[in-house]
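Engineer: Please find one structure pasted underneath; my questions will follow.
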Amino acid sequence: MEAVAAAKPVIKVAALCGSVRKGSFNRSLIHSAIEISKESIKGMEIVYIDISPLPMLNTDLEVDGTFPPVVEVFRKKILEADSILFASPEYNYSITAPLKNAIDWASRPPNCWADKAAAILSASGGFGGARSHYHLRQIGVFVDLHFINKPEFFLNVFQPPSKFDSNGKLVDAEVKEKLKGVLLALHAFSLRLRTKHLK
């Protein structure tokens with residue numbers, strides 16, 4: 001009997017956008033990441049999770065160890081993911097309020113972020129959101145997220161030529177290739193962490 005090849009493990013990635021505006025470039029990066037993963041990265045499934053419905057963190061909303069229904073659903077999705085993909089602009093040298101709020105909700109005991117691999121994308125002005133990465137990495141230390149170190153991805157959306165079309169879709173081939181590199185690194189690191197946990 002011929003041996004049946006084992007299916008390659010699927011890495012489930014929860015993708016969060018720090019911008020809640022309708023035409024967010026960072027959300028476009030996530031949609032591009034989903035397309036790229038489907039087309040050319042076997043064993044990776046990226047699911048976008050909308051953080052806009054989450055209420056501002058208020059521990060008064062926690063009753064007998066439970067959270068508001070929308071928070072419970074969000075926490076469950078994070079808990080079930082193998083790794084996290086963050087895409088966020090830079091606000092005042094840091095991450096956005098909606099993203100910090102989402103991180104805080106999922107960090108409430110029991111911490112849903114622990115031991116997951118993570119990667120950061122940013123589309124913004126100036127340095128492309130680079131400074132926000134360092135704050136996010138610092139937060140990750142406390143909540144036990146493990147970020148890939150390289151490649152890094154910063155995109156200045158206001159520097160010509162335009163990287164997005166009139167509908168906000170990422171169309172720049174070079175940027176897409178850089179995005180693919182981040183996803184490949186996240187996939188490989190996620191598998192390494194999974195293997196380590198199984199030992």
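Engineer: Out of all the residues in segment 100-146, which are among the basic types (Lys, Arg), under 22 Å from residue 76 (Cβ atoms) and surrounded by fewer than 16 Cβ atoms within 10 Å (Cβ to Cβ)?
Structural biologist: Residues of segment 100-146 that are among the basic types (Lys, Arg), as a first pass: 100, 108, 116, 131, 137.
Applying the additional criterion that residues be under 22 Å from residue 76 (Cβ atoms) yields 100, 108, 116.
Within segment 100-146, 108 is the sole residue that qualifies.
Engineer: Also, I was wondering about something else. Have a look at 54, 79 and point out the one that is in a loop (DSSP other than H, G, I, E, B) and out of contact with any strand residue (DSSP E or B) (no Cβ under 9 Å at 6 or more places or on another chain).
Structural biologist: Details: 79 fails: in a loop (DSSP other than H, G, I, E, B).
Residue meeting the stated conditions: 54.
Engineer: Could you please find all residues in segment 18-54 being of a type in the set (S, T, N, Q), open to solvent by 40 Å² or more (accessible area, probe 1.4 Å) and in contact (Cβ under 8 Å) with a residue 60 or more places away in the chain?
Structural biologist: 40
Engineer: Shifting gears a bit: Could you check how many residues of segment 55-71 are in contact (Cβ under 8 Å) with a residue 40 or more places away in the chain, surrounded by fewer than 13 Cβ atoms within 10 Å (Cβ to Cβ) and closer than 21 Å to residue 81 by Cβ?
Structural biologist: Residues flagged as in contact (Cβ under 8 Å) with a residue 40 or more places away in the chain, surrounded by fewer than 13 Cβ atoms within 10 Å (Cβ to Cβ) and closer than 21 Å to residue 81 by Cβ within segment 55-71 amount to 0.
Engineer: In this structure, is residue 74 assigned to a helix (DSSP H, G or I) and open to solvent by less than 20 Å² (accessible area, probe 1.4 Å)?
Structural biologist: Yes.
Engineer: Further, regarding this structure: Considering (1) buried (at least 20 other Cβ atoms within 10 Å of the Cβ); (2) of a type in the set (A, V, I, L, M, F, W, C); (3) closer than 30 Å to residue 163 by Cβ; (4) free of Cβ contacts under 8 Å to residues at least 60 places away in the same chain, say which one residue 97 fails and leave the rest.
Structural biologist: Here residue 97 clears every test but (1).
Engineer: Next up: Are there any pairs, at least 6 apart or on different chains, whose C-beta atoms fall under 8 Å, with the first in segment 174-192 and over 13 Å from residue 84 (Cα atoms) and open to solvent by 20 Å² or more (accessible area, probe 1.4 Å) and the second in a helix (DSSP H, G or I) and modelled with pLDDT under 95, and if so, which?
Structural biologist: Going by the 8 Å Cβ cut-off, the qualifying pairs are 180/40.
Engineer: Select, from 196, 150, 176, the only residue that is part of a loop (DSSP other than H, G, I, E, B) and basic (Lys, Arg).
Structural biologist: 150
Engineer: Could I ask something else about it? Would you check which residues across segment 93-144 are of a type in the set (A, V, I, L, M, F, W, C) and not in a helix (DSSP H, G or I) and list them?
Structural biologist: Within segment 93-144, 95, 112, 113, 114, 117, 118, 119, 120, 121, 123, 127 qualify.
Engineer: Further question: Of the conditions (1) more than 12 Å from the chain's Cα centre (by Cα); (2) assigned to a helix (DSSP H, G or I), residue 29 clears all except one; give me its number.
Structural biologist: (1)
Engineer: Filter segment 141-183 for residues that are modelled with pLDDT of 95 or more, touching a strand residue (DSSP E or B) at 6+ places or on another chain (Cβ under 6 Å) and among the β-branched types (Val, Ile, Thr) and give the result.
Structural biologist: Hits for segment 141-183 are 148, 182.
Engineer: Which residue, of 197, 133, is modelled with pLDDT of 95 or more and over 17 Å from residue 31 (Cβ atoms)?
Structural biologist: 133 is the lone residue from the list that is modelled with pLDDT of 95 or more and over 17 Å from residue 31 (Cβ atoms).
Engineer: Return yes when residue 145 is farther than 18 Å from residue 84 by Cα and touching a residue at least 60 places away in the same chain (Cβ under 8 Å) and no when it is not.
Structural biologist: no
Engineer: Only one of (1) in contact with a strand residue (DSSP E or B) (Cβ under 9 Å, 6 or more places away or on another chain); (2) modelled with pLDDT of 95 or more is not met by residue 128, so which one is it?
Structural biologist: (2)
The values are calculated or read from the model by the stated rules, or taken from the named source; none is laboratory data. Only a predicted model underlies this, so the values are computations on that prediction, with no experimental measurement involved. So basically every Cβ, Gly included, is an ideal-geometry build from the backbone, and we count neighbours across all protein chains shown. Note: accessible area is taken over every heavy atom of the protein model, side chains too, but ligands, DNA and RNA are not part of it. Shrake-Rupley method; radii C 1.70, N 1.55, O 1.52, S 1.80 Å.
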